[in-house]
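Single-structure report; data block below.
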């Protein structure tokens, strides 16, 4: 399926020169706004298009489209390619639909990304989508366990690798993904859900404070 | 300073975990006495053990002579008194505090003074299991992972009264048995379940909140994080009833809301949607093969 790209800012999903970007055409019925999270609502509303894809960061799609008592959902769909900090993006694209997003819009978006060899899943427009909603509380718990002396970081990571077959453990992963970024994501989740599991762990708060004061590690 | 371990007893050896622990010990060269209440469960486990080692021979991991030598190190009994000569007894009986406490009191009555008692509990407190058994200083937590004969990890936890010598001896045994021990505090779920049980509940809550389908949650987790199995698939394998039991063990102790049983979990268990064992959980199963979400 053909698609065109409008670059609002630097994308977290596709680097400049990526085959996905060079594969775009000038005019298409599917329009992708890369880096749209940098300027919410900056996309052009065009109901004649089959689908308009908005690249999200941690914000909800509703920030871009507005919401209407659960009736929202047109031809605009959100997406984010999962990425742990500055690790290369994974092959996962989370599509974000609203309650009344048409199936044809989801299908078009799916076809575009699957055509690029990516795995596509569909998430409701809820904070954290699938991955951050599920993994961030676990990372918070692991960071808290570390503070409480349950086990060393090395042993917690080793336990998850050997006991659960994970490729990496929670501490090494969250640190590699940047604890200050973990703070930003969990703070946003905590504001939405208000439950303790999403509250940034102490080590994330420390990393955030150090970054704020220009003392990045 | 550590004690020398030569003979290992395994209580609950008729079960999957106990049988696996017995394999680990015997394979590493320890005389192994498998204890359970019923002879038929021991015989079934012995047959499975022989089959396991038979496959090891077929795959070239050991010779037929080595297999015979290992099997000759293994004996079974329904008489607790037969564990009297063991240097280390590892229990893998039903996950209930009262049962484990009684077993350790009984073992204290029959075992030698130096015998170390280890619990394979995944959720209970080592200190509570050891309390009033009469040898609290010689009790230690050794949580193996399923299947024990294949998984290298052991979570090792000292109780509040565990002596350093006991812990060091059990640790040395784990290493001699070819396992990888990690040290954790005596806290609910140790490391593995303390992270996994609330995470699995978060997954169930996400399904309940309509965030995504179980199939999409599994695909997302596997693709993004490189997990071999998605969490919904894993929950179906563990059993939804087991997850509920874990929640009911954890939440009253931790009061962590993430450990409390999600309403959807309770409804699935009430409906008999227990996972693979009942043919239906987050996915449906036919002839033990998963065919869709």
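Can you confirm whether region B:261-284 contains a residue that is more than 14 Å from chain A (Cβ to nearest Cβ), closer than 24 Å to residue A:145 by Cα, in contact (Cβ under 8 Å) with a residue 60 or more places away in the chain and buried (at least 17 other Cβ atoms within 10 Å of the Cβ)? Scanning region B:261-284 turns up at least one residue that is more than 14 Å from chain A (Cβ to nearest Cβ), closer than 24 Å to residue A:145 by Cα, in contact (Cβ under 8 Å) with a residue 60 or more places away in the chain and buried (at least 17 other Cβ atoms within 10 Å of the Cβ). Among the residues examined, residue A:195 does not qualify as surrounded by 23 or more Cβ atoms within 10 Å (Cβ to Cβ) and either in contact with a helix residue (DSSP H, G or I) (Cβ under 7 Å, 6 or more places away or on another chain) or facing another protein chain (nearest Cβ under 10 Å) (or both).
From the list A:96, A:112, A:105, the one residue that fits, being within 12 Å of chain B (Cβ to nearest Cβ), touching a residue at least 12 places away in the same chain (Cβ under 8 Å) and not in a loop (DSSP other than H, G, I, E, B), is A:96.
More than 20 Å from residue A:124 (Cβ to Cβ), surrounded by fewer than 20 Cβ atoms within 10 Å (Cβ to Cβ) and at pLDDT 95 or above, is that true of residue B:226? Steps first, please.
Details: more than 20 Å from residue A:124 (Cβ to Cβ): yes; surrounded by fewer than 20 Cβ atoms within 10 Å (Cβ to Cβ): yes; at pLDDT 95 or above: yes.
Answer is yes for this residue.
Looking only at helices (runs of 4 or more DSSP H) that fall completely inside region B:1-102, which ones have 3 or more residues that are surrounded by fewer than 18 Cβ atoms within 10 Å (Cβ to Cβ)? Those helices (runs of 4 or more DSSP H) span B:39-58, B:64-72. A single entry from A:96, A:105 fulfils the requirement of being buried (at least 18 other Cβ atoms within 10 Å of the Cβ), in contact with a strand residue (DSSP E or B) (Cβ under 6 Å, 6 or more places away or on another chain) and over 20 Å from residue A:189 (Cα atoms): A:105. Which of the residues spanning region A:115-145 are at the interface with chain B (Cβ under 8 Å from one of its Cβ atoms) and out of contact with any strand residue (DSSP E or B) (no Cβ under 8 Å at 6 or more places or on another chain)? A:126, A:133, A:134, A:135, A:137, A:138, A:141, A:142, A:145 - these are the residues of region A:115-145 that are at the interface with chain B (Cβ under 8 Å from one of its Cβ atoms) and out of contact with any strand residue (DSSP E or B) (no Cβ under 8 Å at 6 or more places or on another chain).
Against the test of being under 21 Å from residue A:154 (Cβ atoms) and either more than 14 Å from chain A (Cβ to nearest Cβ) or at pLDDT 95 or above (or both), the options B:130, B:84, B:172 yield a single qualifying residue, B:172. So in region A:146-166, with the set limited to residues that are more than 7 Å from chain B (Cβ to nearest Cβ) and more than 19 Å from residue B:231 (Cα to Cα), which one is surrounded by the most Cβ atoms within 10 Å (Cβ to Cβ)? The qualifying residue surrounded by the most Cβ atoms within 10 Å (Cβ to Cβ) is A:146. Restricting attention to region B:143-180, the residues that are part of a helix (DSSP H, G or I), over 18 Å from the mean Cα position of the chain (by Cα) and without any contact (Cβ under 8 Å) to a residue 40 or more places away in the chain total 2.
In the set (1) within 7 Å of another protein chain (Cβ to nearest Cβ); (2) closer than 24 Å to residue A:97 by Cβ; (3) surrounded by 20 or more Cβ atoms within 10 Å (Cβ to Cβ), the condition left unmet by residue B:191 is number (2). Filtered by the rule that a residue be at the interface with another protein chain (Cβ under 7 Å from one of its Cβ atoms) and assigned to a helix (DSSP H, G or I), region B:197-220 gives B:198, B:199, B:202, B:203, B:206, B:216, B:217, B:219, B:220.
The values are calculated or read from the model by the stated rules, or taken from the named source; none is laboratory data. From a predicted model like this one, the values you see are computed outputs, not experimental measurements. Neighbour counts are summed over all protein chains in view; Cβ atoms, including those assigned to glycine, are modelled from backbone coordinates with ideal geometry.
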